[in-house]
Amino acid sequence: MMRLSFRFIPDNPTINFIGRRIIFFIFSALLVTASIATFATKGMNYGIDFTGGIMIELKTEKPDQISLLRERLSGLGLGSVELQEFGAPDDILIRIQRQEGGEEAQQKAVASAKEAMGDIVSEYRRTELVGPKVSNELYLNGIYAVLSAMLAILIYIWFRFEWQFGLAAVAALLHDVISTIGIFALLGLEFNLATVAAVLTIAGYSINDTVVVFDRVRENMRKYKVKPMDELLNDSTNETLARTVVTGLTTLIALIALYSLGGSVIRDFSFAMIWGVIIGTYSSICVAVPMLLYMGKIRRSPDEETAEQTAP
């Protein structure tokens, strides 16, 4: 019986990744610089988790009532009020800025909003109140989580390989995290705790790809004592390329399904993951591995190894 097979990556690829490293470095530098500039000038669209305030999710009696709801809420003097469809024309998500006066003022604002909306609403699905202290703690904890993950990854790679590998891996991770923040700032997507979870997941996914390539680099360093370092790195990248690309593509299939069919609740999370898988795969191949050329001596010469083996 004849079987048909299809390969995204041919057997024994010979792509010259290391020879194009300057192009990759320039692209990555521009991407990181643009991300930092966008964050500094435009800022982030922080969710209620980080800014505090009131969030109300509701279902209306009829679809396309968002304009009428906005008209009724705009005259209440509650400050900034944002409304958006939440997956369907009759599902509405309302965000109201934090009110002065503590929890009692928040509860009063919720009561006023519900009274103003009246019979337009058929069901209130959730009402969340986040105070300034809680939102500030969540914001700081999100930063600590990302920094702690970076430090733990650096220590892990350092002990498993060498310190040069750890620095290259963390540089690639910073590249992924900063570019993710930049794309969220550029598109104005909501940055909340779910996004922080996505950033941490991206870091884990990216370092997994990087470790696979680094492991092959270390294996080839032991096997080929005199092969030039740039050639060795290039061969190692090509030998793991099929695994890296196929893993990324299968992950993307699941994430695209989540983004398309999962609804608004996880759409921003799914988008962050899609971007993270793409940029994480790129950074593992085109940033982390080529950086090893500039990380000092990471292999011993045959003479050094022979001297160590014959030493008393």
Which of (1) in a helix (DSSP H, G or I); (2) modelled with pLDDT of 75 or more; (3) over 28 Å from Tyr259 (Cβ atoms) does Ala169 not meet, given it meets every other one?
(3)
Given the conditions (1) within 25 Å of Glu137 (Cα to Cα); (2) modelled with pLDDT of 90 or more, and given that Met44 satisfies all but one, which numbered condition is not satisfied?
(2)
Given the options Asp235, Asp268, name the one that is more than 18 Å from the chain's Cα centre (by Cα) and assigned by TED's automatic domain parsing to the domain that holds Ala145.
Asp235
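Of all residues in the range 115-145 being part of a strand (DSSP E or B) and within 27 Å of the chain's Cα centre (by Cα), which is modelled with the lowest pLDDT? Give the steps one after another, and end with the answer.
We begin by selecting, within the range 115-145, every residue part of a strand (DSSP E or B); these are 121-130.
Of the ones still in play, those that are also within 27 Å of the chain's Cα centre (by Cα) are 128-130.
Numbers: Glu128: 77, Leu129: 75, Val130: 71.
Across the range 115-145, the extreme among qualifying residues is Val130.
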Would you kindly identify the helices (runs of 4 or more DSSP H) lying entirely within the range 197-283 that contain at least 1 residues that are within 21 Å of Gly182 (Cβ to Cβ)?
241-261, 267-283
Checklist (1) without any contact (Cβ under 8 Å) to a residue 12 or more places away in the chain; (2) closer than 30 Å to Glu219 by Cβ applied to Leu147, failing item:
(2)
Filtering the range 215-272 down to residues that are acidic (Asp, Glu) and out of contact with any Lys or Arg (no Cβ under 6 Å at 6 or more places or on another chain) yields Asp215, Glu219, Asp230, Glu231, Asp235, Asp268
Of the residues that make up the range 201-218, is at least one of a type in the set (Lys, Arg), surrounded by fewer than 19 Cβ atoms within 10 Å (Cβ to Cβ), in the same structural domain as Gly276 (by TED's automatic domain parsing) and more than 10 Å from the chain's Cα centre (by Cα)?
yes
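Residue by residue, here is whether (1) loosely packed, with under 14 Cβ neighbours inside 10 Å; (2) in contact with a helix residue (DSSP H, G or I) (Cβ under 6 Å, 6 or more places away or on another chain) holds:
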| residue | (1), (2) |
| --- | --- |
| Gly19 | yes, no |
| Thr33 | yes, no |
| Ala37 | yes, no |
| Ala40 | yes, no |
| Gly43 | yes, no |
| Asp49 | no, yes |
| Gly53 | no, no |
| Glu57 | no, no |
| Lys62 | yes, no |
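The values are calculated or read from the model by the stated rules, or taken from the named source; none is laboratory data. Keep in mind that this is a model prediction, so the values were computed, not measured. All Cβ positions, even for glycine, are placed from backbone atoms using ideal geometry, and neighbour counts span all protein chains on display.
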